1. Look at the range 150-168 and say how many of its residues are more than 25 Å from residue 355 (Cα to Cα) and in contact (Cβ under 8 Å) with a residue 60 or more places away in the chain.
2. Any residue at all in the range 184-199 that's loosely packed, with under 14 Cβ neighbours inside 10 Å, more than 20 Å from residue 263 (Cα to Cα), among the small types (Gly, Ala, Ser) and assigned by TED's automatic domain parsing to the domain that holds residue 383?
3. Counting only residues that are more than 30 Å from residue 234 (Cβ to Cβ) and in contact (Cβ under 8 Å) with a residue 60 or more places away in the chain, how many does the range 176-200 have?
4. Considering only residues that are more than 20 Å from residue 275 (Cβ to Cβ), in a strand (DSSP E or B) and not aliphatic (A, V, I, L, M), which ones fall in the range 189-233?
5. Can you tell me which residue is nearest to residue 76 (Cα to Cα) among those in the range 317-357 that are acidic (Asp, Glu) and within 23 Å of the chain's Cα centre (by Cα)?
6. Does the range 84-102 contain at least one residue that is at pLDDT below 95, among the hydrophobic types (A, V, I, L, M, F, W, C) and in contact with a helix residue (DSSP H, G or I) (Cβ under 8 Å, 6 or more places away or on another chain)?
7. If you take the residues of the range 268-286 that are within 25 Å of residue 316 (Cβ to Cβ) and not aliphatic (A, V, I, L, M), which of them is surrounded by the fewest Cβ atoms within 10 Å (Cβ to Cβ)?
8. Kindly provide the set of residues from the range 113-131 that are among the polar types (S, T, N, Q) and closer than 12 Å to residue 41 by Cβ, ordered by number.
Amino acid sequence: MRDAIWPVAIVGGGASGLMAAVAASQTRPGSVLLLEKEPRVGRKLLATGNGRCNLLNLSAGPEHYHGGGAQAAASLLSRMPPKAVIARFEALGLHVREEEDGRIYPYSGQASAVLDVLRAACGRQGVKTLCGAEVVRITPGGGAFTLRMASGEAHAARRVILAAGGMAAPAFGASGQSFALLSGVGHTVVPPMPALSPLRLPAERVRGLKGVRVRATLALVSQGAPQGEARGEALFTEYGVSGIAAMRLSRRAGELLRSGKDATLSIRLLDTETAEAQMERRLSLYKNQSLESFFTGLLHSRVALCLLREAGLSAGAPVTLAAAGILARLLADWQVPILSVLPFEHAQATAGGAVLEEFHPQTLESLILPGFYACGEALDVDGDCGGYNLLWAWVSGAAAGENAGKP
């Protein structure tokens with residue numbers, strides 16, 4: 001640096017911020033200042049995918065993205081598809097592998113491998129990283145931006161990229177800092193809400209199921225109308241249900257509840273035809289026996305007891321045609337009201353953020369404030385579970401970084 005003004009300053013050292021730093025510094029090494037308020041960069045990244053880091057998903061269609069900026073995000077993602085992102089990481093030295101449903105993971109199975117190659121690239125390209133550096137205000141003026149720190153210090157930069165994330169997983173440093181900074185420079189912010197978060201159900205309806213995992217189709221219903229469904233593993237907890245399928249429905253469930261509408265979870269353990277066939281078979285197998293043995297070989301014993309309780313049937317009651325009919329309907333459509341979506345402490349992503357229409361769709365430069373960029377969870381875009389949110393972080397971070405880094 002020949003003067004006190006950095007060509008590019010990046011606020012936030014998470015996934016999108018690190019990718020932005022790599023992209024911005026490729027053309028001008030030594031030109032980027034990366035400010036991270038946590039003691040180290042990439043803390044949340046290390047926890048993704050249960051420490052394995054679901055890097056991205058090969059299926060990046062628009063149906064996997066939500067929020068007011070979803071359409072604009074889909075356009076950007078089409079210009080930088082998943083294979084192009086993989087190529088970027090391979091160029092940095094990361095070897096990857098594909099697993100089920102198009103999910104891409106580091107070959108080592110360790111999230112730290114992803115963080116390590118990003119940090120190494122930043123080091124090679126002269127990115128100056130300051131940790132424990134919280135930005136509390138951004139002020140434009142005189143052809144530059146002043147970034148005021150919580151410590152009272154200040155840094156100046158010609159261009160600024162806001163990559164400070166959302167509000168999901170505050171244990172890893174998420175605080176909503178982005179939204180205050182965005183509002184402070186005049187951008188419109190859609191109020192944030194949890195996305196990809198477990199569902200709270202009435203405790204008495206799932207009593208005894210904590211820790212039980214089942215394969216099921218979960219459907220969201222409101223006022224009798226379907227609102228979406230997801231197939232996958234459902235994990236019962238003390239508060240309700242978690243797992244990929246439940247979290248995929250959480251965004252829409254939250255919207256319904258916030259608008260004052262009801263939200264009901266339909267748990268489909270078996271399709272209707274299979275459920276009816278199983279009941280017929282069990283009528284003959286367990287004739288003259290108690291209902292306690294009726295689900296033997298079909299369901300987890302605790303799920304079986306819960307369904308009997310739902311049906312108002314005693315485990316000691318005899319197997320009858322009427323009882324089998326009730327249980328068949330429950331197997332195909334066990335409906336439980338959703339009380340709420342769990343808060344940000346349990347969420348994997350944030351819905352809401354800066355309105356994307358206020359940014360250039362290709363460069364992510366502000367249309368309100370030239371020289372100011374935003375990426376990742378700071379923008380009103382959120383993806384489905386399965387690597388879609390990290391894919392958006394990489395693509396948006398790269399787009400903002402490449403353009404902010406141009407001379």
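The values are calculated or read from the model by the stated rules, or taken from the named source; none is laboratory data. For clarity, every value in this text was computed on a predicted model and none was experimentally measured. Virtual Cβ from ideal backbone geometry, glycine too; neighbours counted across all protein chains shown.
1. 3
2. yes
3. 10
4. Result: 191, 192, 194, 200, 222, 227, 228.
5. 357
6. Checked against the condition, which is being at pLDDT below 95, among the hydrophobic types (A, V, I, L, M, F, W, C) and in contact with a helix residue (DSSP H, G or I) (Cβ under 8 Å, 6 or more places away or on another chain), the range 84-102 yields no hits at all.
7. Ranking the candidates gives 284 first.
8. Matches in the range 113-131: 129 only.
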